[in-house]
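Colleague: The structure is given below, and queries will be raised subsequently.
The values are calculated or read from the model by the stated rules, or taken from the named source; none is laboratory data. In this text the structure is predicted, and so the values were computed from the model without any measurement. Glycine also receives a Cβ, built like all others from the backbone with ideal geometry; neighbour counts cover every protein chain displayed. Ligands, DNA and RNA are excluded from the accessible area calculation, which covers all protein heavy atoms including side chains. Shrake-Rupley method; radii C 1.70, N 1.55, O 1.52, S 1.80 Å.
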Amino acid sequence: MPEGEKMRQCKQEEEQQQKEEEREGLIEFYSSYQELFQFFCSNTTIHGAIRLVCSKKNKMKTAFWSVLFFLTFGLMYWQFGILYREYFSYPVNLNLNLNSDRLTFPAVTLCTLNPYRYSAIRKQLDQLDQITHQTLLDLYDYNMSLPQSDWSTVSTQRRSSRSLLHHVQRHPLRRQKRDNLVNLPENSPSVDKNDWKIGFVLCNENNDCFHQAYSSGVDAVREWYSFHYINILAQVPDAKALDESDFENFIYACRFNEATCDKANYTHFHHPLYGNCYTFNDNSSSLWTSSLPGINNGLSLVVRTEQNDFIPLLSTVTGARVMVHDQNEPAFMDDGGFNVRPGIETSISMRKEMTVRLGGSYSDCTEDGSDVPVQNLYSSRYTEQVCIRSCFQLNMVERCGCAYYFYPLPSGAEYCDYRKHTAWGYCYYKLLAEFKADVLGCFHKCRKPCKMTEYQLSAGYSRWPSAVSEDWVFYMLSQQNKYNITSKRNGVAKVNIFFEEWNYKTNGESPAFTVVTLLSQLGNQWSLWFGSSVLSVMELAELVLDFIAITFILAFRWFRSRQKLSPPGPAPNSQDNTAFQDEAPALSAPHRFTVEAVVTTLPSYNSLEPCGPSRDGEVGHE
C-alpha cells in the first residue's frame, strides 16, 4: 500500500478516536473526590470557595481559607438554628383596633340577692329555722327571732319535722378546739370564743367522718344552713314550683333609651342562693342597640331591696345583685356579679372589648368547644366557666352518684338529696377540695375560647333619692307600686347601666414570624456570610448529590473488584487424592494466570506495518 495512503488512513483513525473521546454522555461523574471538589471551588458562585484551590501551592493560605470558610459555614447554620427555633415557637403580634359602630347592648341580669320563701318549700324552711334556732341557742345562747307564722304551726308540723331533724342531727353544727379537733360535750362550760372554731360533721357509709370547720361562726352557720337548704330544694319534684316570678314587686321602673321596658325584654330564672333573677336583652330576635353613649342612652332600673320576706340565714347583705354579660352566655352571679346598695344610685359605665386569639399552633384556644373533652351541660355557647362547671358536675355524678343542685343536671342523673344519698355531703366537700387543687384537671381541660367579648365596668355612687326629693319620690312609688316600707331608704335602689364611649376595642393576634419572614431571614443570613443567592444553594445541593453518586460508584467498583479476585469454587469432579491437596494453596493464590489456546487466522503483513515512513525508507534516505 502506498505510503501516502497509509498516512491518510492512520490520520483518519486518530481523528475518529479523538472525537469518540471528546463526545460527552448524558450523565457523567467525576473520577475522584479531588476532581469534584476542585471543579466546585473553581466554578461556584459562593464567595471564598475559589480560595481553597487557587492558592494550593501556598499551604498556609489554603489552611487559613479552609478554616475561615468552614467557620463561616458553621456560624451561618448557627444563625439558621436560631431562626428555626424562633419560627417554631410561633410568636404573635398583638393588634389593637378601635371600632366605631352601633353597639349591641349586652345582657344584664338582676337578682334579689336572697331567695324568697317559696310556697312549695315554706314548711320545710320553717322546720329548718326552728332547728337552727335551737342550735344557735345551744352554741351561742342566742335566741333567734322567728316570724310568728313559723311558731303558729308547730303542732301541725311536729310529726313531719322528725324526718328533717333526723337528717340534720346526722350533720350537726359543733364547736371545735383550734389546736385539735376534739368535740366538746353537750354540757361543756363556756370558754373563750377565740379558742374555738365552729363547723359541722360529714360522714360516709363507713362512718369515716371529717369536720368542715370555719374560723368564723357566721360563715359556718351560713354554710351549714345552705347545705340543708340545698337538700330541701332537691326534694322538690318539679323545679317549676319554685318559679314564682314577681317582676312588678321587685322592679319598680325599667327604661332603655328613654323607652319603657316590657315583658318581652326580659327572661326569668331561679337561682338557689340569689332567688329570682331577671335577664334583660337576652332575646336574640330583638336586641337593644346603643347609637350614643351616656347615662340617658342606657338601661335604668329602680329596684326593691327590702327583704322582710326573705331568708336571713342564707345571705347577710341587703340590696340586689347585678351582672353584665354577653348574650347566649349564662349569668354566673358568684363570679362576675356585684351588689347594689339600698338608698344609692349606682351608675355603671361600660367599655366593650373583644379578644380574638390565633388557634392551632399559636395557642391552645378553642373555636366552639367541640375539641374540649368535657360535655357542655349548659344550653349556651362555650365559655371557660361553662366548661369548668360542667367538668365539676360530671365528676360529681361519677364519684358521688348524684348531681350538685347549683349546676345543670346531666342526662340520667338526679340531684343530691340526703334522703336518697346519705353520704353525698362527705363526697361533695372532698371532691370540692380536689377541684380547687386542680386534682380533677378541669382547669387544664377547659381552654379559653378563641373569640370572646368582655365588658370593662366602672361604677359611681350617689345618694338616691336626695334629702329634698325623697318625700315626693316615695309618695309616687307608694301610689304606683304600693311601696309602703317604713324604712324608706333601705328598701329601694336605682341602677344605671350605659356605654362610656361609642368606640370599642378589638384585641387581635397575628403571626409574628411567617414562612415568608423565615425565608427572608434565611436569605439575609446566606447573603451576609457568603454573598450568594438561591442558585448558589442549588450548586451546593448539586455538590452533595454528586458526592453521594461518586461514593456509590466507587463502592460498586470496589465490590466488583473483590468479586473478580475471589477464587472460584471446587469443580464437581475434583479428585480427593492427598497429592493434589498439597498443591491447593498454590492454586488459590490471588495472582493466578490462566492459559487458554485460541486459534486465530494470521493477520496480513501489510496491516502490521506502522503508520508513517517505513524503516527501510528511512535508511535509504539516509
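Colleague: Just order 60-67, 392-399 by mean Cβ neighbour count inside 10 Å, highest at the front, would you?
Modeller: Sorting 60-67, 392-399 by mean packing, highest first, produces 392-399, 60-67.
Colleague: Cα centroids of segment 412-441 and segment 371-393: how far apart, whole angstrom?
Modeller: Computed from Cα coordinates, the inter-centre distance equals 18 Å.
Colleague: Just to be sure I understand the model, the point goes 7 Å from the Cα along the line to the Cβ. What's the resulting SER215 to ILE553 distance in nm?
Modeller: About 8.6 nm, to one decimal.
Colleague: Cα gyration tensor of segment 490-548, axes a ≥ b ≥ c as square roots of the eigenvalues: rounded (a/c below 1.5), prolate (a/b > b/c) or oblate?
Modeller: prolate
Colleague: Out of all Cα-Cα pairs in segment 263-417, roughly what percent, to the nearest whole number, are more than 20 Å apart?
Modeller: Pairs farther apart than 20 Å: 63 percent.
Colleague: Can you classify segment 203-348 as rounded, prolate or oblate using the Cα gyration tensor, where a ≥ b ≥ c are the square roots of its eigenvalues, rounded means a/c under 1.5, and otherwise it's prolate if a/b beats b/c and oblate if not?
Modeller: Prolate is the answer for segment 203-348, as a/c is 1.5 or above and a/b outweighs b/c.
Colleague: Need one number: nm distance between label points at ARG8 and GLN134, each 7 Å from Cα along Cα→Cβ, rounded to one decimal.
Modeller: 14.4
Colleague: Please compute the per residue accessible area over segment 278-334 with all protein chains in place, 1.4 Å probe, rounded to a whole number of Å².
Modeller: With all protein chains present, segment 278-334 gives 38 Å² per residue.
Colleague: In whole Hz, what ³J(HN,Hα) sequence does segment 394-401 give by Karplus (6.51, -1.76, 1.60; θ = phi - 60°), x for Gly and Pro?
Modeller: 5, 5, 5, 5, 6, 8, 9, x
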